[in-house]
Amino acid sequence: MISVEGLKVEFSAKPLFSGASFVVNDRDRIALVGKNGAGKSTLLKIISWQQQPTAGTVSLSNDTTVGYLPQVMVLHDGSTVRQEAQKAFAEITKMKARIDELNRQLAERTDYESADYLALVDRFTQEHERYMMTGADNCEAELERTLTGLGFLRSDFDRPTSEFSGGWRMRIELAKILLRRPDVLLLDEPTNHLDIESIQWLEQFLATSAKAVILVSHDRAFINNVCNRTLEISCGRIIDYKVKYDEYVVLRRERREQQLRAYENQRKEMADMRQFIERFRYQATKAVQVQQKIKQLEKMVPIEVDEVDTSALHLKFPPCQRSGDYPVICEEVEKAYGDHTVFSRVNFTIKRGEKVAFVGKNGEGKTTLVKCIMNEIPFGGMLKTGHNVQIGYFAQNQAQLLDEELTVFETIDRVAKGEVRLRINDMLGAFMFGGEASDKKVKVLSGGERSRLAMMRLLLEPVNLLILDEPTNHLDMVSKDVLKEAIRAFDGTAIIVSHDREFLDGLVTKVYEFGGGRVREHLGGIYDFLQAKAPQSPLVGDTLDRYLQSAAPQTHEASSGAVGEASPKAAGGASKASSGASYAQQKEQQRQLRKAEKAVEQSERKISDMEQHLKELDALLMKPENASDMELVTDYTTTKRALDEEVERWERLSEELEQLQTA
């Protein structure tokens, strides 16, 4: 369908990539990956003829159509959602007009036996057959299915597009592209403006209806569920892996290990050559060999290793003061704009240290409630933040709020205070802004680079309540993974508004679902929520299946008990039924029972001691003079972590004891 040969793109002395050659075939689902700034969006623009390469060719087979969704589009108002979506059928509308005109001519003419009339009949027949092959009769139904799949209500269809936010208008553009049914879909970050349900619908559509897809996305679950092939832009080259993304990660790690070995071997070989040249440069008997070594050294092409693996992003939130036990309490909270109620009767309490997710369709009030917590907008009901709560807020448009005329260094220098100012260069290096990159102006940074810079600003101040509104938009895979680990290790409380299932998986322990003017609490992780919400739905995707399969053995093991029996109750029943059990067996059972009881008692004493110690630390930290005592804060954090581990151990020991008692 598409053939790319010898593609080269350069914006400066060093090419973005060169020698790129690959073929896109029917039913290919290609994930285009690479670090921010590698040229992924540029490649999509070239394939869609939006931009010309420095060298090379892009060839399309006959009648191949391409649909391209860029990250940023120029949106136009002046029509309703339905009218805008119907523009996707412009060719079908023209075809219908031609058929109507031919039909009119046939009705008016009476020279039925003439050659012209027969030619007109042939034209009408051909046009009508083409029209029927397009499935034109189902256009309206297809339009409604697509719009509702992308999150629109039927009541939205006749609303002007000007009433919708930029994210919703991007959904309209995506709907138009999907409705055109092009042979090749080029999608640049299509999930940035979609909620979880819409992402799942799009996964299903691309898997079953699209002919060929090339997409750029940092949503790992999305590309794993859609793609069967991975193209990586690395070190100025494009490497083709004909596997899904998860398999690509494994192959890439193996390939890089080979690269590193080859790199080290080459360095050693070059060092040996230079040493030989220096040692025998002035010996006439070795002149020929020295010249050979010089020529070999000049011909050597240095082996490159991708920078993204050698300069990992390290995030660590600074130590923070301890907040109250309940950082956020909502009682009968409601918010309305005129006659439109965003949500009402919201009641929940977030405990200190919890990591929770806000999920739901766009426009259901997630960001609105965040603004209520921040006290940025008025609301009804009671919403209070706990004692000593210090909020760090990362807004959806945080990256766009940066001053574009400042350099990266100046952006951080203006907010850094105290000793941090002495370590700005080290921090910039940790965020992959080392060297000349720190002198770049914000206006030339990519979306991902701006997001990293905005996140860095957030990390300069110690906070104990993190509120992150779509923090992963425009972040690459590596940055997302490290941010996830940093939040997981964060001692404070975190509220995360996100549609990225892979990012939320293993991070949050509670999900708040926004929808229909209500906020519902779901205990457990994001895939527990998705399974409970749609247990029979295939749209949950392969990622949920893998998650449940990986969890299944653990659940089975836990239910099997820890005393080594396949089925404790069955074993217990057998032992009770067997009146001929030996005295030695009974004695051993009693010994194990006493040992288990003793372990439970010891664990309970440890828990009691640690709880008492935490109460004492709590009382000390409540005093103003101790509020900033880092030794007390560290002691409290360490004890709390140890207490959580001991409680888990006590639960395990109690289950073992119960199994022994019923045996």
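The values are calculated or read from the model by the stated rules, or taken from the named source; none is laboratory data. Computed from a prediction, not measured in an experiment: that's the story for all the values here. Neighbour counts run over all protein chains shown; Cβ positions are idealised from the backbone, glycine included. The area values use the complete protein model at the heavy-atom level, side chains included, leaving out ligands, DNA and RNA. Shrake-Rupley method; radii C 1.70, N 1.55, O 1.52, S 1.80 Å.
Take Glu470 and decide whether it is modelled with pLDDT of 80 or more and not aliphatic (A, V, I, L, M).
Working: modelled with pLDDT of 80 or more: yes; not aliphatic (A, V, I, L, M): yes.
Taking the combined requirement at face value, the residue satisfies it.
Condition test on Glu264, is it farther than 30 Å from Gln71 by Cα, open to solvent by 60 Å² or more (accessible area, probe 1.4 Å) and modelled with pLDDT of 85 or more?
In short, yes.
I'd like the full set of residues that are in a loop (DSSP other than H, G, I, E, B) and open to solvent by 10 Å² or more (accessible area, probe 1.4 Å), limited to region 194-233.
Listed by number, the residues that qualify are Ser209, Lys211, His218, Asn228.
Just for region 138-167: of the residues that are open to solvent by less than 30 Å² (accessible area, probe 1.4 Å) and among the hydrophobic types (A, V, I, L, M, F, W, C), which one is nearest to Thr367 (Cα to Cα)?
So the first thing to find is which residues in region 138-167 are open to solvent by less than 30 Å² (accessible area, probe 1.4 Å), and the list is 139, 143, 146-147, 149-152, 156-157, 161, 164, 167.
If we keep only those that are among the hydrophobic types (A, V, I, L, M, F, W, C) too, we end up with 139, 143, 147, 150, 152, 157, 164.
Numbers: Cys139: 35, Leu143: 29, Leu147: 23, Leu150: 19, Phe152: 19, Phe157: 24, Phe164: 16 Å.
Here the answer is Phe164.
For region 350-412, give me every one of the strands (runs of 3 or more DSSP E) that falls completely inside it and has 2 or more residues that are open to solvent by 40 Å² or more (accessible area, probe 1.4 Å).
On the way: elements: 355-360, 380-385, 391-394.
Strands (runs of 3 or more DSSP E) meeting the threshold: 380-385, 391-394.
Count, please, the residues in region 79-103 that happen to be over 18 Å from Arg145 (Cα atoms), in contact (Cβ under 8 Å) with a residue 24 or more places away in the chain and of a type in the set (Ser, Thr, Tyr).
Total satisfying the criteria: 1.
In region 434-458, what count of residues is obtained for those that are modelled with pLDDT of 80 or more and either within 20 Å of the chain's Cα centre (by Cα) or open to solvent by less than 40 Å² (accessible area, probe 1.4 Å) (or both)?
Of the residues in region 434-458, 7 are modelled with pLDDT of 80 or more and either within 20 Å of the chain's Cα centre (by Cα) or open to solvent by less than 40 Å² (accessible area, probe 1.4 Å) (or both).
Within region 4-94, considering only strands (runs of 3 or more DSSP E) that don't extend past its boundaries, which have at least 2 residues that are surrounded by fewer than 16 Cβ atoms within 10 Å (Cβ to Cβ)?
On the way: elements: 15-24, 29-33, 55-60, 66-69.
Because the criterion is at least 2 residues that are surrounded by fewer than 16 Cβ atoms within 10 Å (Cβ to Cβ), the strands (runs of 3 or more DSSP E) in region 4-94 that meet it are 15-24, 55-60.
Quick check: anything in region 419-429 surrounded by fewer than 17 Cβ atoms within 10 Å (Cβ to Cβ), touching a residue at least 60 places away in the same chain (Cβ under 8 Å), on the phi < 0 side of the Ramachandran plot and not in a helix (DSSP H, G or I)?
no
So which of Leu178, Leu174 ends up being part of a helix (DSSP H, G or I), open to solvent by less than 30 Å² (accessible area, probe 1.4 Å) and in contact with a His (Cβ under 9 Å, 6 or more places away or on another chain)?
Testing whether each residue is part of a helix (DSSP H, G or I), open to solvent by less than 30 Å² (accessible area, probe 1.4 Å) and in contact with a His (Cβ under 9 Å, 6 or more places away or on another chain) leaves just Leu174.
Determine, yes or no, whether Leu118 is within 30 Å of Ile238 (Cα to Cα), of a type in the set (A, V, I, L, M) and part of a helix (DSSP H, G or I).
It is false that Leu118 is within 30 Å of Ile238 (Cα to Cα), of a type in the set (A, V, I, L, M) and part of a helix (DSSP H, G or I).
Of the residues that make up region 252-274, is at least one among the aromatic types (Phe, Trp, Tyr) and within 19 Å of Asn228 (Cβ to Cβ)?
For region 252-274, residues among the aromatic types (Phe, Trp, Tyr) and within 19 Å of Asn228 (Cβ to Cβ): absent.
Of all residues in region 126-137, count the ones that are open to solvent by 50 Å² or more (accessible area, probe 1.4 Å) and not β-branched (Val, Ile, Thr). Please lay out each step first, then the result.
If we filter region 126-137 for residues that are open to solvent by 50 Å² or more (accessible area, probe 1.4 Å), which is where we start, we get 126, 128-130, 132-134, 137.
Filter again for not β-branched (Val, Ile, Thr), leaving 126, 128-130, 132-133, 137.
Of the residues in region 126-137, 7 are open to solvent by 50 Å² or more (accessible area, probe 1.4 Å) and not β-branched (Val, Ile, Thr).
Here are some residues: Leu465, Leu475, Leu445, Leu483. Which one is of a type in the set (A, V, I, L, M, F, W, C), out of contact with any Phe, Trp or Tyr (no Cβ under 7 Å at 6 or more places or on another chain) and without any contact (Cβ under 8 Å) to a residue 40 or more places away in the chain?
Among Leu465, Leu475, Leu445, Leu483, only Leu445 is of a type in the set (A, V, I, L, M, F, W, C), out of contact with any Phe, Trp or Tyr (no Cβ under 7 Å at 6 or more places or on another chain) and without any contact (Cβ under 8 Å) to a residue 40 or more places away in the chain.
Would you check if Lys8 is under 21 Å from Lys176 (Cβ atoms), charged (D, E, K, R), at pLDDT 85 or above and out of contact with any helix residue (DSSP H, G or I) (no Cβ under 9 Å at 6 or more places or on another chain)?
In short, no.
Only residues in region 319-343 that are in a loop (DSSP other than H, G, I, E, B) count as the first member; pair them with residues that are open to solvent by 90 Å² or more (accessible area, probe 1.4 Å), Cβ under 7 angstrom, at least 6 apart or cross-chain, and list the lot.
Ser323/His387; Gly324/His387; Asp325/Lys351; Tyr326/Lys351
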